[in-house]
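Structure record follows, encoded as structure tokens.
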Amino acid sequence: MTNIEYRKFREHVLGHMDGNMKKLKNYINEYKTLRESKGTLWGAVDTMCQYGLFDVYYDQCLETLKNVYGDEFDESKYITKDRQWRWKNNDAYIWTVYKAKIAKTIEKMIKEKD
């Protein structure tokens, strides 16, 4: 993850937390206790995404990725020529990528005490 990419995703994450890092940490601690999170940071963030704490709809995820990557964004990785979502492992690929980017960003934020 590049520094620019990190900063944009960090801004996105904090935007969903009203700019409050403590609020984010509290949510993570709460969600880690849920069975579906398996007690891990990545599991907690995945569950947070599933429960709607960040972007919920594929179109929202697509817009977020477009905003982060700008002209370098390749929509064809996520949408077919006939405007259908691409799927991988029974999930829309955009959703898989979005959740991974959010998890990686939060992991980095916590590691760097950002």
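Coordinate-derived values only; no laboratory data. All of these numbers come straight from a predicted model, not from anything done at the bench. Glycine also receives a Cβ, built like all others from the backbone with ideal geometry; neighbour counts cover every protein chain displayed.
Using C-alpha pairs below 8 Å separated by at least 6 residues, the relative contact order for the chain is 26 percent.
Counting neighbouring beta carbons within 10 Å and listing from fewest to most, the residues 41, 65 come out as 41, 65. Annotation: amide H of residue 87 within the under-5 Å range of 93, sequence separation 5 or more or interchain, hydrogens built in the peptide plane. When the helices of the chain are scored as -39500 (n - 2.57) per DSSP H run of n ≥ 4 and the total is divided over every residue, the value at 222 nm lands at -18500 deg cm²/dmol. On the basis of the beta-carbon distance and an R0 of 25 Å, residue 66 and residue 42 show a calculated FRET efficiency of 0.55. Fully extending the segment from residue 58 to residue 77, taken as 0.36 nm per residue of separation minus the present Cα-Cα distance, adds 5.5 nm. Computed from the Cβ-Cβ distance with R0 of 25 Å, the FRET efficiency linking residue 33 to residue 91 stands at 0.55. From the alpha carbon centroid of segment 1-60 to that of segment 84-114 is 9 Å.
Restricting the chymotrypsin sites (Phe, Trp or Tyr not before Pro) of segment 38-114 to loop positions (DSSP other than H, G, I, E, B) with no more than 15 neighbouring Cβ atoms within 10 Å leaves 51, 57, 73.
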